[in-house]
Amino acid sequence: MIVDKLGRRFKNLRVSLTAACNYACTYCVPNGKRLLKAENELSADALLKLTQLIQSAAGIEQLRITGGDPLVTPKFDEFLLGVAALPLKDFSLTTNGQLLLNKAEVIKASGIQRMNISLDTLNPLRFKQIARGGDLETVLQGMERMQSFGIKLKVNMVPMRSSNQEDILPLLDYCLDRGIELRYIELMRMGHLTQGNAYQTDFLSMQHLLDEIGRQYRFERTDAPFDSTAVRFHIPGRGYFGIIANESEPFCTACTRLRLSSDGYLYGCLSNSARTYIGDLVSLPGHIALPKLQKILLSALGHKRLAFQGETTVMKFIGG
Ligand code: SAM
């Protein structure tokens, strides 16, 4: 088992299936361009083989499929069904939800139990301004369809001072009414947000969010799993919400995440652009590939930070 001095090990793998996305969210993509794959993206089969190899080398228990947006690539069906057949404790998906209706059948067939939908507003105009693509109503219908399959949903919202501050409470109400857990994600200093002052202007802290929510609800902090990225709260009689408080309460010292990009790089930390190419391991026999990967995992674990400090890496390449 590969473990660091803080007891951190990789248990949770996030695979970015493609860097392409049908949105160009203002906080993720600087210039509004979208649908760009990374150069040399790996096939579904190669990503599955790497996933299995990583699983054997690191003892991965949970896997999340992400992107870009994982639903935009033709690789999605093969990869999802392939992952569903792996001996994992749990697998899940993060998507902007725009293509859920198109992919409903394969999603149902995979037996997936939970899913995170990124949704920053319930206002159609603000939706267009932030996502710079897509259609709000289609996402909401897709979410309903997923719930009709019994899939447990979480919604991820990135609250920002200049664009969707007004949505903090309406989105919470919407989620509570439907048994969905809302996760507010504190804006991360990633990609283009490491430059200029957009980050400072737009950042809303956990305390700010709690003050806002406290105007309407009484809530209490509640337990979250040891390696959870979110601080979790309970609103008696209504449900739960969480805050991924990268800045206010970093979760780095308990982080168990490892990331594989669509072009075959392993990242040990979201806040560190250090990465190692492992795409070439696919063609090697297992007894040669495995020890090589173990060495790479050891150095990837060494890349984990003690606090989130942002990074120039663009989220859409490593999937958040
Ligand atoms: N396209 C998929 C989606 O929308 O969920 C998966 C990829 S997206 C990069 C994953 C998550 O990262 C989304 O919830 C998105 O809101 C979040 N994200 C991207 N850039 C961010 C930033 N600078 N700060 C906080 N969250 C960010």
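The values are calculated or read from the model by the stated rules, or taken from the named source; none is laboratory data. Values in this document were obtained by computation on a predicted structure and should not be read as measured data. Using ideal geometry, Cβ is built from the backbone for each residue, glycine included, and neighbour counts are taken over all protein chains shown. To get the accessible areas, we keep the full protein, side chains included, count just its heavy atoms, and leave off ligands, DNA and RNA. Shrake-Rupley method; radii C 1.70, N 1.55, O 1.52, S 1.80 Å.
In table form, for the structure just shown:
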item	result
Single match in Asn116, Asn102, Asn123 (criterion: polar (S, T, N, Q) and within 16 Å of the chain's Cα centre (by Cα))	Asn116
Given (1) crowded, with 21+ Cβ neighbours inside 10 Å; (2) at pLDDT below 95, number of the condition Val3 does not satisfy	(1)
Flag if Lys89 is in contact with a strand residue (DSSP E or B) (Cβ under 8 Å, 6 or more places away or on another chain) and more than 13 Å from the ligand (Cβ to nearest atom)	yes
Ala19 vs. criteria among the hydrophobic types (A, V, I, L, M, F, W, C), modelled with pLDDT under 95 and over 28 Å from Leu136 (Cβ atoms)	no
Checking Ser271 against (1) crowded, with 18+ Cβ neighbours inside 10 Å; (2) in contact with a strand residue (DSSP E or B) (Cβ under 7 Å, 6 or more places away or on another chain); (3) at pLDDT 95 or above, the condition it does not meet	(3)
Subset tally (residues that are open to solvent by less than 40 Å² (accessible area, probe 1.4 Å) and touching a strand residue (DSSP E or B) at 6+ places or on another chain (Cβ under 6 Å)) for segment 225-247	9
Hits in segment 1-33 (condition: polar (S, T, N, Q) and either away from the ligand (no atom under 11 Å from the Cβ) or part of a loop (DSSP other than H, G, I, E, B) (or both))	Asn12, Thr18, Asn22, Thr26, Asn31
Subset of segment 18-64 [acidic (Asp, Glu) and surrounded by 21 or more Cβ atoms within 10 Å (Cβ to Cβ)]	Glu41
Residue in segment 216-224 that is closer than 30 Å to Leu47 by Cβ, open to solvent by 20 Å² or more (accessible area, probe 1.4 Å) and free of Cβ contacts under 8 Å to residues at least 24 places away in the same chain present	yes
Sole residue being in contact (Cβ under 8 Å) with a residue 40 or more places away in the chain and under 17 Å from the mean Cα position of the chain (by Cα), chosen from Ile244, Ile235, Ile278	Ile244
Any pair with Cβ under 8 angstrom, 6 or more apart, that starts in segment 74-103 at a residue that is on the phi > 0 side of the Ramachandran plot and ends at one that is open to solvent by less than 30 Å² (accessible area, probe 1.4 Å) and within 15 Å of the ligand (Cβ to nearest atom)	Gly97/Ile117; Gly97/Leu119; Gly97/Val139; Gly97/Gly142; Gly97/Met143
Qualifying residue in segment 69-82 (condition: within 16 Å of the ligand (Cβ to nearest atom), in contact with a Cys (Cβ under 7 Å, 6 or more places away or on another chain) and open to solvent by less than 20 Å² (accessible area, probe 1.4 Å))	yes
Any hit, segment 117-124, residues being touching a helix residue (DSSP H, G or I) at 6+ places or on another chain (Cβ under 7 Å) and either charged (D, E, K, R) or in contact (Cβ under 8 Å) with a residue 60 or more places away in the chain (or both)	yes
Candidate set: segment 102-121, residues that are assigned to a loop (DSSP other than H, G, I, E, B) and open to solvent by less than 50 Å² (accessible area, probe 1.4 Å); chosen: the one farthest from Lys75 (Cα to Cα)	Thr121
